[in-house]
Amino acid sequence: MDFDDQMRRYFGVTDPGSATPAVLAAGMERLSVDFGLERDPGRRFAMWALMYILGNAPDLDVAFPDPAAQDAARNFMDMLDQIQREADLQAGDQA
């Protein structure tokens, strides 16, 4: 389950910036429902990651009862934060 596949499935686009607010809201609702029903840990993590990227992920203790999965999600969050910090630094260097 890759990012583009998830975006197409839930939002009908591969670029979140090209979706209207109504499309994003409807897609987030479908994604949240599927996340609640999904039992495969890998697919669940992929869904949570997309929700996190889009700013609508459930808290880790709600999303992942398994502490190892919570740690993996924290690592993912830290990785994205680091990428954002580096991008911000590069943008500042180019200004």
- Query: What accessible area per residue, rounded to a whole number of Å², is obtained for the stretch 1-91 using a probe radius of 1.4 Å?
  - Reply: 62
- Query: What are the ³J(HN,Hα) values, in whole Hz, obtained from phi via the Karplus relation 6.51 cos²θ - 1.76 cosθ + 1.60 with θ = phi - 60°, for each residue of the stretch 40-45 in sequence order, with x given for Gly and Pro?
  - Reply: 6, x, x, 5, 4, 5
- Carbon plus sulfur fraction of accessible area for the chain, probe 1.4 Å, in percent: 55
- Message: From the gyration tensor of the Cα coordinates in the chain, what semi-axes in whole Å does the equivalent ellipsoid have, largest first, with each one equal to sqrt(5λ)?
- Response: 24, 20, 10
- Note on the structure: Out of ASN75, ALA19, ALA91 - ranked by how far each Cα lies towards the positive end of the dipole of the chain, with unit charges on the beta-carbon of charged residues - the top one is ALA19
- Most to least packed among 39-45, 83-89, 49-55 [average Cβ atoms within 10 Å]: 49-55, 39-45, 83-89
- Ellipticity estimate at 222 nm from DSSP helix runs (n ≥ 4, -39,500 (n - 2.57)) divided over the chain, nearest 500: -24000 deg cm²/dmol
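The values are calculated or read from the model by the stated rules, or taken from the named source; none is laboratory data. The model shown is predicted, which means the values in this text are computed figures rather than measured ones. As a convention, Cβ positions derive from the backbone with ideal geometry for all residues, glycine included, and neighbour counts pool all protein chains shown. Side chains included, ligands, DNA and RNA excluded: accessible areas come from the protein's heavy atoms. Shrake-Rupley method; radii C 1.70, N 1.55, O 1.52, S 1.80 Å.
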